[in-house]
Amino acid sequence: MDLPAPVLQAVRMLNDSGFEAYVIGGAVRNRILNNPVHDYDLTTSALPGQVKQVFSRYRTIDTGIRHGTVTVIISRMHLEITTYRTETSYRDHRHPDAVAFTSLLRDDCARRDFTINAMAYHPDEGLIDYFGGYDDIRSRIIRTVNDPRQRFEEDALRILRAVRFASELGFDIEKQTAQALLEQCGDLQYVSKERIIQELGRILTGACAPDALKDFRCVFAVFIGGLTDEEQWQHLLRQYSRCSRNLNVRLALLLNSQKENAERILHDLKYPNEITDAVCNILALSGMPLSSRTDIRKLLSRLKVPFETYLSYRSAADPDISTAEALSLYRRIEEDRDCVSIRGLAVDGNDLREAGLQGKQIGSALQTCLNAVMEDRAENTKDALLKLLKDQNMI
Ligand code: ATP
Ligand code: MG
């Protein structure tokens, strides 16, 4: 495994100062899988103060100094270097009450969540794999390090992480791990909303979500009430296999059967307004016809997400829809720059004010014009639109 130069350099510098240092966790897993590595984490026997001393000529950031993590920047690469540690008693099912540094790599590996995440790598020593992570990668299995009940009990976030790795990597969750996970998913109430939606996003959009999520409906039922029906869940996953891996699309499908609660559910989960608005917009327009150019124009006039996103949702929710036809109508609308918004009209508020309208009358006259243009009842020219309003006795 060839490591990037800054990573090698950091390992060497720690070793030269008499400390152990290894690449650990996700980077080792992803390298074995030949997946891209976004960040390299190092684990070391050096205490945080010693790490800072070793890298005194480099910029360091006290990322989580209390937990033993120092970020070192070498050739613009950010490396998180964490002291070997163990964790003890987790009173709130989420955060360890105490963090203790240790001098043994094995202890540090043992605190990690899954075997596939508990491997260390050293450029000279090669792979250090105390818990069978390599075999589990080969067999495509997610298994907790040590007793799954205890590990999920300690930190309920691991429940979501297990499902997330299954969804992203397409691995199976080992039987006892899966059983413990299902038994303990009520503990997800202890996980912060921020972490839930972070994991949920990756779970729902994972490359293998449709297969990986089959047995885990009750994990989702904890924070999305109303997911009580197993048949509905399998139906949802079939829809997932037909749509893009777009978060808004997948959330809209997830909440399709309880549209009236969607906004509250997303709000309770503390999703950013941008996502809540997009998902609610897709759901609000879920019944719009898509058969004619006028249909699509009217949809576009109210749509707040890209048309392709909406169409991906519709074609998954309703397989009878002719996606190709809708897409070709949309392309023609785009090419011809058809007017689909009040801003695109050949008249504006000032024109209507000059014609004698005021206040709310202006808004409704503009809407009348837009509808007429989208329905091909009037050309989008100033003369034609003013004539239309005259004919309708609006001016
Ligand atoms: P990715 O970066 O793709 O999310 P990762 O495995 O690097 O995957 P991180 O959240 O970056 O995940 O965590 C780095 C490592 O820290 C993990 O590989 C794992 O060894 C350990 N780890 C992270 N979260 C937990 C947890 N909740 N319990 C135990 N170990 C954890
Ligand atoms: Mg990582």
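Compare the Cα positions of PHE55, MET119, TYR84 along the charge dipole of segment 47-132 (+1 at Cβ of Lys, Arg; -1 at Cβ of Asp, Glu; about the Cα centre) and return the one farthest towards the positive end.
Going by the charge dipole, the pick is PHE55.
Between SER291 and HIS38, what is the spin-label point distance in nm, taking each point 7 Å from the Cα along the Cα→C-beta axis?
About 4.5 nm separates the two model spin labels.
Straight distance only, please: which aspartates and glutamates reach the Cα of LYS259 with their own Cα at less than 19 Å, same-chain residues fewer than 8 apart left out?
Correct list for LYS259: ASP229, GLU230, GLU231, ASP268, GLU274, ASP277, ASP318.
Of the residues LEU181, LEU236, LEU303, which exhibits the maximal mean-square fluctuation in a Gaussian network model of the chain defined by a 10 Å Cα contact cut-off?
LEU303
Could you give the dipole magnitude of segment 1-69 about its Cα centre, charging the beta-carbon of Lys and Arg +1 and that of Asp and Glu -1, in debye to the nearest 20?
120 debye
Can you find, among ILE74, MET394, GLN176, the residue farthest towards the positive end of the dipole of the chain? Put +1 on the C-beta of Lys and Arg, -1 on that of Asp and Glu.
Result: MET394, furthest along the dipole toward the positive end.
With 29 Å as the limit, write out which pairs from LYS360/LYS387; LYS298/LYS390; LYS298/LYS360; LYS304/LYS390 have Cα-Cα distances beyond it, or answer none.
With Cα atoms farther than 29 Å apart: LYS304/LYS390.
Restricting things to alpha carbons, tell me how big segment 142-299 is in terms of Rg and Dmax, in Å.
Values for segment 142-299 (Cα only, Rg and Dmax): 16.6, 61 Å.
Starting from the Cα-Cα distance between ILE65 and ARG242, subtract it from 0.36 nm times their residue separation and give me the gain in nm to one decimal.
Extending this stretch completely gives an extra 59.2 nm.
Quick check on the chain: of the DSSP beta bridges with both residues there, what percent are antiparallel, nearest 5%?
Beta bridges within the chain, antiparallel portion: roughly 80 percent.
Taking a ≥ b ≥ c as the square roots of the Cα gyration tensor eigenvalues, with a/c under 1.5 meaning rounded and otherwise prolate when a/b beats b/c, else oblate, which class fits segment 293-334?
Oblate, because a/c is 1.5 or more while a/b does not exceed b/c.
Rank the residues ILE333, ILE73 as a footprinting-exposure proxy: fewest other Cβ atoms within 10 Å of their Cβ go first.
Fewest to most other Cβ atoms nearby, the residues stand as ILE73, ILE333.
Whole-Hz Karplus ³J(HN,Hα) for segment 138-147, in order, using 6.51 cos²θ - 1.76 cosθ + 1.60 and θ = phi - 60°, x for Gly and Pro?
Each residue's phi maps through the Karplus curve to give 4, 8, 6, 10, 9, 9, 5, 6, 6, 4 Hz.
What lysines sit close enough to LYS175 to cross-link, taking a C-alpha to C-alpha distance under 21 Å and skipping anything fewer than 8 places away on the same chain?
Partners within reach: LYS214.
P(r) for the chain, please, calculated from all Cα pair distances in 10 Å bins and given in %.
For the chain, the binned pair fractions read 5, 18, 22, 19, 14, 11, 8, 4, 0 percent.
Which value, in debye to the nearest 20, describes the size of the charge dipole of the chain about its Cα centre when Lys and Arg Cβ atoms bear +1, Asp and Glu Cβ atoms bear -1, and nothing else is charged?
640 debye
Roughly what % of Cα-Cα distances in segment 236-339 sit above 23 Å, to the whole percent?
Roughly 25 percent, once rounded to a whole number.
Report, in deg cm²/dmol and to the nearest 500, the calculated mean residue ellipticity at 222 nm for the chain, where each DSSP H run with n ≥ 4 adds -39500 (n - 2.57) and the sum is divided by the residue count.
Estimated from H runs of four or more residues: -14000 deg cm²/dmol.
Can you sort TYR330, TYR90, TYR190, TYR40 so the residue with the fewest Cβ neighbours within 10 Å comes first?
The order, fewest Cβ neighbours first, is TYR190, TYR90, TYR330, TYR40.
Here, each number is a calculation from the coordinates, and none is a lab measurement. Just so it is clear, the structure is predicted and the values come from calculations on it, not from any experiment. As a convention, Cβ positions derive from the backbone with ideal geometry for all residues, glycine included, and neighbour counts pool all protein chains shown.
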